[in-house]
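*Asks:* I'd like to ask some things about the structure below.
The values are calculated or read from the model by the stated rules, or taken from the named source; none is laboratory data. Since we're looking at a predicted model, the values are computed, not measured. Here the Cβ is made from the backbone with ideal geometry for all residues, glycine too, and neighbour counts use every protein chain on show.
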Ligand SMILES: [Zn+2]
């Protein structure tokens, strides 16, 4: 099913790309052992690698999100004196992910190493296109497409199958922190044979503009970046991503059929313990919508 000959890209709201990136062809590109064969029509096949790193297989497209592929044990600075240690290895590991080919890499923001680390950056060089913020695209270079909220970029196969990626509003902290934390986008993925969109929140708190997303699209599966990020020594009780309580507010605003938490364990700046998150979500009125995925395993949704 990966025997595509080429892929062309188009982008609403930006000048046409004079040299659309040519897709190298996924034929012969390894899949994960439990992910062989075609994805069921209308389904998305998901592997949660760790943090916010997802392998998404949708129709003929294979995407990678927020690649953080370093092994555990390193410390990272996030600016303004904040830092964090990585506590879990990616699953599958870096080499297995690097052996795969991707039609596009989606990076909610490039300025933080838990969303894009050094091996992730090397991988961008091999992907036909990276979709990220406008600021991030300027930093990442020629193959990156920068989107502001509600701008779109469409991947299209020679056979005419298409996947539209639309940037959505995100705010990576309390009101007024954007100049410090930097821009972030979420993304909506919409394609022909699926009823409802996939939503990836990016690193964001729950805030008023999430209402726009629920109004713009019927959301089938929402991948929410949680973790309740805080840096108590630097910024006290300020929270830079949603915790379970924030997720419940987002679910109220977005009304998705299914919710998959990501970006909630494996780093010591994620301050809400995963067990506490699960208890809060799975004990809530929307418990039947919550799907916590096993890391490193393929799941069809
Ligand atoms: Zn971040």
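*Asks:* Given the options 56, 91, name the one that is at pLDDT 90 or above, more than 18 Å from residue 269 (Cβ to Cβ) and not in a loop (DSSP other than H, G, I, E, B).
*Replies:* Matching residue, one of 56, 91: 56.
*Asks:* Something else now. Within the range 205-223, can one find any residue that is more than 16 Å from the ligand (Cβ to nearest atom), closer than 24 Å to residue 87 by Cα and either modelled with pLDDT of 95 or more or assigned to a loop (DSSP other than H, G, I, E, B) (or both)?
*Replies:* No: the range 205-223 contains no residue that is more than 16 Å from the ligand (Cβ to nearest atom), closer than 24 Å to residue 87 by Cα and either modelled with pLDDT of 95 or more or assigned to a loop (DSSP other than H, G, I, E, B) (or both).
*Asks:* Shifting gears a bit: Every residue in the range 202-221 that is buried (at least 20 other Cβ atoms within 10 Å of the Cβ) and free of Cβ contacts under 8 Å to residues at least 60 places away in the same chain, please.
*Replies:* Restricting attention to the range 202-221, the residues satisfying the condition of being buried (at least 20 other Cβ atoms within 10 Å of the Cβ) are 202-206, 210, 213, 219, 221.
Once the filter is applied, which keeps residues that are buried (at least 20 other Cβ atoms within 10 Å of the Cβ) and free of Cβ contacts under 8 Å to residues at least 60 places away in the same chain, the range 202-221 yields 204, 205, 206, 210, 213, 219.
*Asks:* Which one of these is within 15 Å of the ligand (Cβ to nearest atom) and out of contact with any helix residue (DSSP H, G or I) (no Cβ under 6 Å at 6 or more places or on another chain): 236, 182, 196?
*Replies:* When all the criteria are applied, what remains is 182.
*Asks:* Moving on. Conditions: (1) assigned to a helix (DSSP H, G or I); (2) within 12 Å of the ligand (Cβ to nearest atom); (3) in contact with a helix residue (DSSP H, G or I) (Cβ under 6 Å, 6 or more places away or on another chain). Residue 119 meets all but one. Number of the miss?
*Replies:* Here residue 119 clears every test but (2).
*Asks:* Among the numbered criteria (1) more than 20 Å from residue 257 (Cβ to Cβ); (2) in contact (Cβ under 8 Å) with a residue 12 or more places away in the chain; (3) away from the ligand (no atom under 16 Å from the Cβ); (4) outside any loop (DSSP other than H, G, I, E, B), which single criterion is violated by residue 149?
*Replies:* Failing condition for residue 149: (4).
*Asks:* So, in the range 261-282, exactly how many residues are in contact (Cβ under 8 Å) with a residue 60 or more places away in the chain and either loosely packed, with under 15 Cβ neighbours inside 10 Å or at positive phi (or both)?
*Replies:* 3
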